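**Q** So that we are looking at the same thing, I have put the structure below in structure tokens.
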Amino acid sequence: MLNYKHLHYFQTVAKTGAINRAAEKLHLTPQTLSGQIGAFETRLGVALFRRSGRRLELTDAGRTALAYADEIFHVGAELEEALSNRMATPVHPFRVGIADAVPKAIAWQLLAPALALPEPVKLVCREDRLETLAAELSIHRLDIVLADRPLPSNMDIRGYSHPLGECGIAFLAAKPLAQTLPSEFPACLDGTPLLIPGEENALRAPLLRWLEKKSLTPTIVGEFDDSALMSAFGQAGVGVFPAPLTVAPMVMRQYDVVELGRTSDIRERYFAISVERRLSHPAVVAVSEAARRNLAETPV
């Protein structure tokens, strides 16, 4: 059986990067702590650290062990909290990874049903690149990942991509900029300053293909990984920018912009990625079912 005292010692050394500093935190002598770490490595049959100058660096096995250690002690803290508040209404954690290409408004729309469940949930959101979040999902540090594309096939991670829905896009602009453009869409985009999603966004390639197919040559003045930042620049009149039709009304109200036109030829798609073939977590099921009903092209 795993020695949790050794695991705690290992986690402390991994976080501090040195035996001496970790020993001070743990109120042990460096010799004692070094011996305990050695015993832990012997028990596991792998080296967890390698020396780099005066510091200790984690090996690949060490990084894996640290991820599990963090999760184990996090769950332990949740257990203590649950037992100390056992008379209170239980709150279930719902840990969600949100790929940074997913617009904030879409994330809110997708996750809102989980907060309306009869049994309260504690929503914990992590935003990062899809590949990073998928790795977290694979070791059960997340319950689900929301993304704008399926799990990449070249990732050595077992996961399942559940389609949530899709919609077209609207082209939005600040009112002063819109007033300078011809009224006819999509011709008004030709030569117009345009803001586009960054390279990691699944919308970028089909958007550029659509512009080429329509023989439109806007002036691309900005590329953004964050849709909220792109909207802020659009609000300032820097350029026209795309937004998913399902949240276009919300974006228009929030940023005081207007719609130039829309197309269903470009599709924004959203997925829930899980380690389960069949979704079972109550909050995940609520998100999936509501998305299929609500992720639609709302009239503007």
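**Q** Please give the calculated 222 nm ellipticity per residue for the chain, where each DSSP H segment of at least 4 residues contributes -39500 (n - 2.57) and the sum is spread over every residue; nearest 500 deg cm²/dmol?
**A** About -12500 deg cm²/dmol.
**Q** Spin-label point model (7 Å from Cα, Cβ direction): what's the residue 293 to residue 139 distance in nm?
**A** If labels sit at residue 293 and residue 139, their model points lie 3.8 nm apart.
**Q** Under the rule of at least 5 residues apart or a separate chain, name every residue whose amide H is placed under 5 Å from the amide H of residue 123.
**A** Counting only residues 5 or more places away or on other chains, the set is 94.
**Q** Quick check of the Kirkwood formula: for the range 225-300, what is the inverse mean of 1/r over all pairs of different Cα atoms, in Å?
**A** Value: 14.6 Å, from the Cα pair sum.
**Q** Towards the positive end of the charge dipole of the chain, with charges on Cβ (+1 Lys, Arg; -1 Asp, Glu), say which of 274, 37, 96 has the farthest Cα.
**A** The Cα lying farthest towards the positive end belongs to 37.
**Q** Can you find, among 264, 243, 230, the residue farthest towards the positive end of the dipole of the range 167-268? Put +1 on the C-beta of Lys and Arg, -1 on that of Asp and Glu.
**A** Comparing the listed Cα positions along the dipole, 264 ranks first.
**Q** To continue, here is another question. Kirkwood Rh over alpha-carbon pairs of the chain, then Stokes-Einstein at 4 °C and 1.567 mPa s: what D in µm² s⁻¹, rounded to an integer?
**A** In µm²/s, the coefficient rounds to 58.
**Q** Another one. Please get the size of the charge dipole for the range 177-217, origin at its Cα centre, with Cβ charges of +1 on Lys and Arg and -1 on Asp and Glu, quoted in debye to the nearest 20.
**A** For the range 177-217, the charge dipole is close to 100 debye.
**Q** Which of 1, 250, 230, 155 has the fewest other C-beta atoms within 10 Å, and how do the rest follow up to the most?
**A** Least crowded to most crowded, the residues run 1, 155, 250, 230.
**Q** While we're here: Under 10 Å, Cα contacts only: if you run a Gaussian network model on the chain, which one of 195, 146, 229 comes out with the highest mean-square fluctuation?
**A** 229
**Q** Put +1 on the Cβ of every Lys and Arg and -1 on every Asp and Glu Cβ in the range 1-111; which of 79, 59, 107 then has its Cα farthest towards the positive end of the dipole?
**A** About the Cα centre, the residue reaching furthest to the positive side is 59.
**Q** Provide the net charge surrounding residue 144, with neighbours chosen by a C-beta distance below 12 Å and charges set as Lys +1, Arg +1, Asp -1, Glu -1.
**A** Around residue 144, the surrounding residues sum to 0.
**Q** Now a separate question. Once the other residues with Cβ under 12 Å from the Cβ of residue 26 are scored (Lys, Arg +1; Asp, Glu -1), what is the net sum?
**A** After counting each charged neighbour, the total is +3.
**Q** Turning to a different aspect of this structure: For 60, 190, what ranking results if the residue with the fewest other Cβ atoms within 10 Å of its Cβ goes first?
**A** Least crowded to most crowded, the residues run 60, 190.
**Q** Another question, if that's okay. Would you mind checking 15/122; 175/213; 25/122; 15/104 for any pair whose Cα atoms are more than 29 angstrom apart?
**A** 25/122; 15/104
**Q** For a test of the definition: using alpha carbon positions, the gyration tensor, and the 1.5 limit on a/c, classify the range 65-160 as rounded, prolate or oblate.
**A** Note, shape of the range 65-160 comes out oblate.
**Q** On to the next question. Starting from the amide H of residue 151, placed 1.01 Å from N in the peptide plane, find each other amide H under 5 Å away whose residue is 5 or more places distant or on another chain.
**A** 161
**Q** Just to confirm a number: summing +1 for Lys and Arg and -1 for Asp and Glu over residues other than residue 261 whose beta-carbon lies under 12 angstrom from that of residue 261, what do you get?
**A** -1
**Q** Related question: Size of the dipole of the range 167-268 about the Cα centre, Lys and Arg at +1 and Asp and Glu at -1 on the beta carbon, nothing else charged, in debye to 20?
**A** About 260 debye.
**Q** Arranged from highest to lowest average of other beta-carbon atoms within 10 Å per residue, in what order do the peptides 93-99, 17-23, 170-176 appear?
**A** Packing proxy ranking, top to bottom: 93-99, 170-176, 17-23.
**Q** Hey, another quick one. Return 196, 139 ranked ascending by Cβ neighbour count within 10 Å, so the fewest neighbours appear first.
**A** So the residues, fewest neighbours to most, are 139, 196.
**Q** Also, I was wondering about something else. So how strong a dipole does the chain carry about its Cα centre when Lys and Arg Cβ are +1 and Asp and Glu Cβ are -1, to the nearest 20 debye?
**A** Its charge dipole is roughly 700 debye.
Here, each number is a calculation from the coordinates, and none is a lab measurement. Here the structure is a predicted model, which is why all the values come from computation and not from measurement. Note: ideal-geometry Cβ built from the backbone for every residue, glycine included; neighbour counts use all protein chains shown.
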